[in-house]
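The values are calculated or read from the model by the stated rules, or taken from the named source; none is laboratory data. Remember, it's a predicted structure, so these values are computed and weren't measured experimentally. So basically every Cβ, Gly included, is an ideal-geometry build from the backbone, and we count neighbours across all protein chains shown.
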Amino acid sequence: MLSFPEVVEDVAVQLDNVTKWYPGPPAVTAVDSVSLDIAHGRHTVITGPSGSGKSTLANLIGALDVVSSGTLRIYGHDLTEAEERERAWFRRTSLGFVFQSSHLLPDRSVVENVELALLTRDGRGRRGHRSAARDALAAVGLDTRWQADPRHLSGGERQRVAIARALVTQPSMLIMDEPTGNLDSRSADRILALVRGVVSRGITVITVTHDPIVRSAGDVVIAMRDGHLQVVTEMHE
């Protein structure tokens, strides 16, 4: 089984000539010969037009998909040839995910939705899960809403629950795909404030977005086009 320590070096992600293609028909090359280092403990934003390969790149980094060629390392560990069971273990223990839709279960309370991440990691309920879930909700400002039905929450509140669920397992890296896509500007600002707090705790955050406000909030911006790495910009040097 692969081992993923909290921090091996300052580089969290290393991509060396990574390509991802789908056989089709028609055949599609979604990510084409990308070489890139992503720093640990910073907020890296991946942006670009629809079809640019940004979500595919994030899925490769998040072990949701497998590279077709090239080498992918996370904290120095090679994921390129990892088996599915190893990638699944890595996702459970080292990564947190937040998507455009919060994907909360409507028949479970807010705190139960957050606890599910711990149940998935540990296999079955353990003492302390409820306390950890409530602490995670308190960290995103929802300590008074832990018993609520997700259907009675605003869009911004649901997304904050999704962030709490992603962080409750104490991941080394948080990957977000269009996390503010369904939110009004006030709710989006609150999500970005939470992200700043996450980064300040030393967690690597990678965000895929079309949103220029989210783009401007990143420490580093990676622009993709037609599967190629177009430019990498340091926003806060």
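Show the residue pairs meeting these rules: Cβ distance below 6 Å; 6+ apart or different chains; first residue within the range 210-237 and in contact (Cβ under 8 Å) with a residue 24 or more places away in the chain; second residue among the hydrophobic types (A, V, I, L, M, F, W, C) and part of a helix (DSSP H, G or I).
Listed by first residue and then by second, the contacts come to A217/L192.
Please verify whether the range 24-37 includes one or more residues that are on the phi < 0 side of the Ramachandran plot, hydroxyl-bearing (S, T, Y) and either surrounded by 14 or more Cβ atoms within 10 Å (Cβ to Cβ) or in contact with a Pro (Cβ under 6 Å, 6 or more places away or on another chain) (or both).
yes
Name the residue that is farthest from R196 (Cα to Cα), counting only residues in the range 128-142 that are assigned to a loop (DSSP other than H, G, I, E, B) and modelled with pLDDT of 90 or more.
Looking at residues that are assigned to a loop (DSSP other than H, G, I, E, B) and modelled with pLDDT of 90 or more, I get L142.
Condition check: closer than 21 Å to D189 by Cα, of a type in the set (K, R) and modelled with pLDDT of 90 or more. Does R158 satisfy that?
It is true that R158 is closer than 21 Å to D189 by Cα, of a type in the set (K, R) and modelled with pLDDT of 90 or more.
Buried (at least 18 other Cβ atoms within 10 Å of the Cβ) and touching a residue at least 40 places away in the same chain (Cβ under 8 Å): does that describe A82?
Considered against the rule, which asks whether it is buried (at least 18 other Cβ atoms within 10 Å of the Cβ) and touching a residue at least 40 places away in the same chain (Cβ under 8 Å), A82 comes out as yes.
Just name the residue that is surrounded by the most Cβ atoms within 10 Å (Cβ to Cβ) out of those in the range 215-226 that are under 19 Å from G51 (Cβ atoms) and under 20 Å from the mean Cα position of the chain (by Cα).
That would be M224.
Does the range 24-33 include one or more residues that are touching an Asp or Glu at 6+ places or on another chain (Cβ under 7 Å) and not hydrophobic (A, V, I, L, M, F, W, C)?
Within the range 24-33, not a single residue is touching an Asp or Glu at 6+ places or on another chain (Cβ under 7 Å) and not hydrophobic (A, V, I, L, M, F, W, C).
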